[in-house]
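Have a look at the structure below before the remarks.
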There are 2 protein chains.
Amino acid sequence: MHELSKNIGGVGGFRAAGLACGIKGNDVPDLALIVSDRDCTAAGVFTRNLVKAAPVLLDQELLRINPGATRAVVVNSGCANACTGQRGLENARATGALVAARLDCDASAVFVMSTGVIGVQLPMERIQEGVTDISPVAGTQGWQTAAQGFMTTDKFPKLASARVRLSGGQEVNIAGISKGAGMIAPDMATMLAVIVTDADLTATQSQTLLEEVNSVSFNCIVVDGDTSTNDTVLLLANGASGAALASEDDVAAFRDALQDLCVYLAQAIVRDGEGATRFVTIDVDGAPDAAAARQIANTIATSALSKTAFYGSDANWGRFAAAAGRAGVDFDPADLELWLGEGERLESPLQLMQAGEPVDYDENEATSIVRQPEFTLRLSIGSGKGRARVWTCDLGHDYVSLNAEYRS
Amino acid sequence: MHELSKNIGGVGGFRAAGLACGIKGNDVPDLALIVSDRDCTAAGVFTRNLVKAAPVLLDQELLRINPGATRAVVVNSGCANACTGQRGLENARATGALVAARLDCDASAVFVMSTGVIGVQLPMERIQEGVTDISPVAGTQGWQTAAQGFMTTDKFPKLASARVRLSGGQEVNIAGISKGAGMIAPDMATMLAVIVTDADLTATQSQTLLEEVNSVSFNCIVVDGDTSTNDTVLLLANGASGAALASEDDVAAFRDALQDLCVYLAQAIVRDGEGATRFVTIDVDGAPDAAAARQIANTIATSALSKTAFYGSDANWGRFAAAAGRAGVDFDPADLELWLGEGERLESPLQLMQAGEPVDYDENEATSIVRQPEFTLRLSIGSGKGRARVWTCDLGHDYVSLNAEYRS
């Protein structure tokens, strides 16, 4: 039992703030700090890109050595601190140390995240000034400005919270911020997100819950198929509510709320996909296993031809079938079936392809579906039990303009 | 010893023609016929997409049952005859049979190729009229109109020929037509091409030569990463010159000419890439093996972020490094080195990254390179012997417009 809010009123013992410290210039927020008044357990999932940014390497190290005494996450936008070598790693450590000095805690208690241009060193003087000036607060305002500090090409800040009632009657809060609009590919962490809770979780509980939920939320989104060097999702739990997950039911209730929140934050990234005008759900079923279904869904979701068809309101299902056929999954094209329907879930679907052949459908009806801002494409490739759902957007002129003109 | 011409004067015993038969409307050429006066040996390579068009299935069958007595190839644009089920296969057979009736040969002697919209049945009445009206001729004019009949979103016809002097003093001719501008991905046949020669080749010789040459020409090009349902390259040899490849030297000389011709035809597809404004060579070396090098080169070549950076004249090498890191090839990011240079081959390169860290290079110099219509990007990922070269283009507004508005 939980309710999801698209804002963050507050989470026991956490404070947050965002601030413009001059990394991006133009007085745009580019620094965020999230602080817990007490030690947190921490869990994290990270990009699987071999080329990992300095803060990713640092955070992975912190999780290994100190997953039970986290106090803060400091986030900057405007500079990814990736491909920056030894100096980049020293700058990431120095950023954490500056925050630790302000909080009077160990440097290993401060996680660091960066997002922005690759191959440029962090402007440490500005970071230092920013860390000195930033003042995390407990209420809504702090979380709003923090979410702004995460943004790069994002058009809107992404934040949400959920309150979960446990079996003993206690309530715990979960809150999260995400960022991302481009360099978004499936099957990785694929963006930045910080999720905090005042529930009392062990580090192992946090890590297990985060990995479970990540696999059906952040790992199911595609904007452009490019996987960032910086992707990180952190979950911090400080126990300020005094409530632990005492039963299987409590774990399930908490997981449901966490999943709902992460799906919301993940979908917000797709809805804010660079230049996106369509939100498309791709459902694949009948595959030999879930991984095979996922591979087909991802191939369609990253196909330039499928994405430009979405953009052009063209129900050009031949492109979707062709993308499925090159996904590297073995199936019999004679089994291929395909439907389109409005909305985020498939409702009153229109069948376009049956047993590998075109159905005699009404093209106007198909066009009216793909003209909607949200629609669903379902492919069935056989009689297997494997299924997957992926969320993606279209590829339009604004994506090209943003990425030809913006050095990200 | 051979010379390459960007036209086809004539090849002994072959005739060709193109014609508008009304599949595409607007009186645009949409049918081509290439005929040999005598039996040819035939070789072919085909798309590895599971969803194969009817003519691909037919041609694969013909190659199995009758690779030594081919007389003609009939090609239509405007309709891919893909995802068309049993009726599509019958239409492909009927198309071949119509040509066979005109030539008074067996239907198994006629290969069929189609390109265009997926999921639509061939308009057989128009095909029938076209096959009745088309009149292949031996000279330049016939090959020019045939190449036009191949085109879909192509902006120019793609044809070339080479004359090879063999060790015994005899000369043989090779000529080829290709088409393609979108739905182009590496490691497959990736487009339509017909190559003919008056050399006397066995079917086995043809197939071996075609596969060798294909792997370093048509299989090395990327436009958008989407692999067509129809990709086919055929090589027909009718022996009209009376000259066989009698020695290793002759085989080598013929292979060189064939490779030169296929590289030209393959590069022409990239230069005509939908909306392309840049021709980019991607060289990867230092990989454990050639396949690993190819995988990294392909990942950069298909990356939306890399391609929009090319379009924007932005030497945004962080995106190239990030694409390499997600390619699925194991390497140490600390070994990564990166250069840019003008032209189709790397000349006087500018180093941007050394031992995994940024070099202090002049950004204006880097920008002036990627402003050129042709430039080369070289990545070295270690000390292995594996290397690969891939040709690709940028992703710009015209690609989006073409594919949002055109039902291909």
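The values are calculated or read from the model by the stated rules, or taken from the named source; none is laboratory data. As the structure is a computational prediction, the values presented were derived from the model and not from experiment. Using ideal geometry, Cβ is built from the backbone for each residue, glycine included, and neighbour counts are taken over all protein chains shown.
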Inset, instruction - Enumerate the pairs (first residue in the stretch B:98-113 and in the same structural domain as B:Glu61 (by TED's automatic domain parsing) and closer than 14 Å to B:Ser36 by Cα; second residue anywhere and of a type in the set (Asp, Glu) and assigned to a helix (DSSP H, G or I)) with beta-carbon separation below 8 Å, excluding pairs fewer than 6 apart on the same chain, so at least 6 apart or on different chains. - result: B:Phe111/B:Asp59
Inset, instruction - Taking B:Gly149 as the residue in question, decide whether it is surrounded by fewer than 19 Cβ atoms within 10 Å (Cβ to Cβ) and either away from chain A (no Cβ under 14 Å) or in contact (Cβ under 8 Å) with a residue 40 or more places away in the chain (or both). - result: no
Inset, instruction - Mind listing whichever residues of the stretch B:327-338 are in a helix (DSSP H, G or I) and more than 7 Å from every other protein chain (Cβ to nearest Cβ)? - result: B:Ala334, B:Asp335
Legend entry - Cβ pairs under 6 Å, 6+ apart, first in the stretch A:192-209 and farther than 17 Å from A:Cys262 by Cα, second modelled with pLDDT under 95 and in a loop (DSSP other than H, G, I, E, B): A:Asp200/A:Gly239; A:Ala203/A:Pro67; A:Ala203/A:Gly68
Inset, instruction - Could you list, in sequence order, all residues of the stretch A:85-126 that are assigned to a loop (DSSP other than H, G, I, E, B), within 14 Å of chain B (Cβ to nearest Cβ) and either touching a helix residue (DSSP H, G or I) at 6+ places or on another chain (Cβ under 6 Å) or surrounded by fewer than 18 Cβ atoms within 10 Å (Cβ to Cβ) (or both)? - result: A:Ile118, A:Gly119, A:Gln121, A:Leu122
Legend entry - Hits in the stretch A:226-260 - residues which are among the charged types (D, E, K, R) and within 22 Å of A:Cys393 (Cβ to Cβ): A:Asp226, A:Asp231, A:Asp260
Inset, instruction - Kindly indicate whether A:Ala257 is more than 14 Å from every other protein chain (Cβ to nearest Cβ), among the small types (Gly, Ala, Ser), assigned to a helix (DSSP H, G or I) and over 14 Å from the mean Cα position of the chain (by Cα). - result: yes
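A quick yes/no check of all residues on (1) more than 14 Å from chain B (Cβ to nearest Cβ); (2) assigned to a helix (DSSP H, G or I); (3) among the polar types (S, T, N, Q); (4) within 12 Å of the chain's Cα centre (by Cα):
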| residue | (1), (2), (3), (4) |
| --- | --- |
| A:Val164 | yes, no, no, no |
| A:Gly168 | yes, no, no, no |
| A:Gly176 | yes, no, no, yes |
| A:Gly182 | no, no, no, yes |
| A:Ala193 | yes, no, no, yes |
| A:Ser206 | yes, yes, yes, no |
| A:Glu212 | yes, yes, no, no |
| A:Val216 | yes, no, no, yes |
| A:Asp226 | no, no, no, no |
Inset, instruction - Taking the options A:Asp260, A:Asp249, A:Asp330, name whichever one is farther than 29 Å from B:Ser401 by Cα, without any contact (Cβ under 8 Å) to a residue 60 or more places away in the chain and surrounded by fewer than 24 Cβ atoms within 10 Å (Cβ to Cβ). - result: A:Asp330
Legend entry - Positions within the stretch A:48-84 being in contact (Cβ under 8 Å) with a residue 60 or more places away in the chain, away from every other protein chain (no Cβ under 13 Å) and under 19 Å from the mean Cα position of the chain (by Cα), in sequence order: A:Pro55, A:Asp59, A:Val73, A:Val75, A:Asn76, A:Ser77, A:Gly78
Legend entry - Which numbered condition B:Arg345 misses (of (1) surrounded by fewer than 24 Cβ atoms within 10 Å (Cβ to Cβ); (2) at pLDDT 90 or above): (2)
Inset, instruction - Check B:Arg15 against each of (1) basic (Lys, Arg); (2) within 30 Å of A:Ala315 (Cα to Cα); (3) more than 14 Å from chain A (Cβ to nearest Cβ) and name the one condition it does not meet. - result: (2)
Inset, instruction - Test A:Gly176 against the stated conditions and say whether it is touching a Leu at 6+ places or on another chain (Cβ under 7 Å), over 29 Å from A:Met1 (Cβ atoms) and at pLDDT 90 or above. - result: no
Inset, instruction - Find the residue count for the stretch A:77-94, including only residues that are under 19 Å from A:Leu33 (Cα atoms) and hydrophobic (A, V, I, L, M, F, W, C). - result: 4
